[in-house]
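The values are calculated or read from the model by the stated rules, or taken from the named source; none is laboratory data. The model shown is predicted, which means the values in this text are computed figures rather than measured ones. When we count neighbours, we look across all protein chains shown, and the Cβ atoms used for this are built from the backbone with ideal geometry, even at glycine. To get the accessible areas, we keep the full protein, side chains included, count just its heavy atoms, and leave off ligands, DNA and RNA. Shrake-Rupley method; radii C 1.70, N 1.55, O 1.52, S 1.80 Å.
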Amino acid sequence: MPITCQSLLQTHPAAWKRATTHPFLIGCHSGTLQPAQFNTWLVQDFLFVKAFTRMVGRVLAAAPDDHIDVLLAGLGALKDELLWFEAKASERSLNLATSIQPTCQRYCEFMASLAIAPYPVQATALWAIEYAYNQGWQLPGPMPKPYTEFADRWGNPGFTDYVRLLAAQADAALTTASPPVEAQAEVAFLRVADLEAAFWQMAFAPGDEGTMTKWGDEEIAG
Ligand code: HMH
């Protein structure tokens, strides 16, 4: 039995839960998040999306012919997303030429490192990155203003369909992957899950995201 996106989620529920549920998202939902925390995330996520766009370009370069269409649509949406981030930053008078934080830097280095990975590994990582936001922004339930449009960006039905197509493409690539490549895809999935959890945490403890932070009654691993 080849591994699939679904089997990875089933094998690693705790890692995936840490990637997609966090006090940051609960705080958006309840309106208790500090604007400064949201702004930290916003600026770092813009830097992330620029590096992610380059990664998708490299995935496209490695993809079989019948996967090109979906990836090109993804790149088209990213063009719009980068402009949207610039507009959101300008509304909030944020400087996007800010220095990258260590957690964001680690995530960008991981994405750059995928350039030499076999295509099934790249396709699995791409799906995991997009699915993390697709789920993360939807799980708390409807988001109040000013966060509604952020939740909609990654939770809207069109994006959800796109993530399903990415899963189908990763699954197709994984059917012919050798056991070592399957193992590499699983490691990449877990690395995405860890980096996603740390990325949320960055808004709470800038520069200190490797430590445990007390939040109410829950210990949140950074
Ligand atoms: C950290 N993960 C992070 N940022 C994003 N914008 C996405 C995933 C989805 O594109």
*asked:* All but one of (1) open to solvent by 30 Å² or more (accessible area, probe 1.4 Å); (2) in contact with a Phe, Trp or Tyr (Cβ under 7 Å, 6 or more places away or on another chain) hold for A128; state the number of the condition that does not hold.
replied: (1)
*Quick one: T20 ticks every box in (1) among the polar types (S, T, N, Q); (2) over 24 Å from D152 (Cβ atoms); (3) open to solvent by less than 10 Å² (accessible area, probe 1.4 Å) except a single one, so which number is it?*
(2)
*With respect to the numbered conditions (1) touching a residue at least 24 places away in the same chain (Cβ under 8 Å); (2) surrounded by 13 or more Cβ atoms within 10 Å (Cβ to Cβ), which one is the sole condition not fulfilled by L60?*
(1)
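Answer yes or no as to whether V43 is free of Cβ contacts under 8 Å to residues at least 60 places away in the same chain, crowded, with 20+ Cβ neighbours inside 10 Å and aliphatic (A, V, I, L, M).
yes
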*Any residue at all in the range 92-111 that is among the small types (G, A, S) and open to solvent by less than 80 Å² (accessible area, probe 1.4 Å)?*
no
_Restricting to the range 23-81, and then to whatever is within 11 Å of the ligand (Cβ to nearest atom) and among the acidic types (D, E), can you tell me which residue is nearest to N95 (Cα to Cα)?_
D45
*Do you know which residues across the range 122-178 are out of contact with any helix residue (DSSP H, G or I) (no Cβ under 7 Å at 6 or more places or on another chain) and more than 16 Å from the ligand (Cβ to nearest atom)?*
P142, P144, K145, P146, T148, P157, A168, A172, T175, T176, S178
*asked:* When the residues of the range 177-204 are narrowed to those that are touching a residue at least 24 places away in the same chain (Cβ under 8 Å) and open to solvent by 30 Å² or more (accessible area, probe 1.4 Å), which ends up nearest to A112 (Cα to Cα)?
replied: R191
